[in-house]
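Just so you know, all these numbers are worked out from the coordinates, no wet-lab data involved. This structure is a prediction, so every number in the text was calculated from the model and none was measured. Positions of Cβ are generated from backbone atoms using ideal geometry, with glycine treated the same way; all protein chains shown enter the neighbour counts.
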Amino acid sequence: DTCPTSPSEKHTTSINGLTCNNPADKSAHDFKTMELSKSGSRDKFGSSINIVTASKFPGLNTLGISIGRTDIEVDGIVNFHNHPRASEMIFVKEGVLEVGFLDTQNKLFQKALKEGDVFVIPKGLFHFFLNRGVEVTTVFSVFNSQNPGLGSPTATPSESVEKIKRKLISLSESEVDSVDDLSLIVSEIIYS
């Protein structure tokens, strides 16, 4: 019923690439984490991302889930990325968030979220987060994989950060409705 990960020197049974701890050594400690209690260091985009998988949180092993925390400063972004092995469900704990994903037909699905809102991003699709509010936004994510993966279409040079922010900030919901081919703008952001 449970298979907390085992320290590497205590290999017993391996499932999904991680070894299970000896059942006699399991404890409540395996099923608790403090990994998401604080914000991490912000990157050049003004965001910190912490995804906790079974390798950091032993009790998640074999459960098919992982969890994450993202903190985004005002006008900060989480640039386009995907999780090739998982869908992502986000919950906005604090702040205001613009979220969007691009489907396989290059159609953009974008929505403004506020505290308490939940949004789902289908497996493997490129998506972004943008803080459109006046305070730090905190988002918690749940992934339906113990190892969701993280992919980025391109490495973004520092000089492109402001350009990407300006383009994403300009994509308000009213503008999304009035642009004939928004996928061209989004594709330019992803692949530039």
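Can you flag which of K32/K114; K32/K111; K38/K123; K26/K93 are past 30 Å Cα-Cα?
K32/K111; K26/K93
Close amide H contacts of D75 (hydrogens built in the peptide plane, cut-off under 5 Å, sequence separation of 5 or more or a different chain): N131, G133. Can you give me the Cα centroid spacing of the range 125-144 and the range 41-100 in angstrom? Taking the Cα centre of the range 41-100 as reference, the centre of the range 125-144 is 7 Å away. Close amide H contacts of I67 (hydrogens built in the peptide plane, cut-off under 5 Å, sequence separation of 5 or more or a different chain): V52, F143. For the peptides 79-92, 109-122, 41-54, residues were scored by their other Cβ atoms within 10 Å and the scores averaged per peptide; the highest-first order is 79-92, 41-54, 109-122. Taking R0 as 25 Å, what's the FRET efficiency between T2 and D117 from their Cβ-Cβ distance, rounded to 0.05? For R0 = 25 Å, the calculated efficiency reads 0.20.
Distant-in-sequence amide contacts of L113, defined by a placed amide H-H separation under 5 Å and a gap of 5 or more residues or a different chain, comprise L97, E98, V99. Using a simple spin-label model with pseudo-atoms 7 Å out from Cα toward Cβ, K107 and L63 lie 3.5 nm apart.
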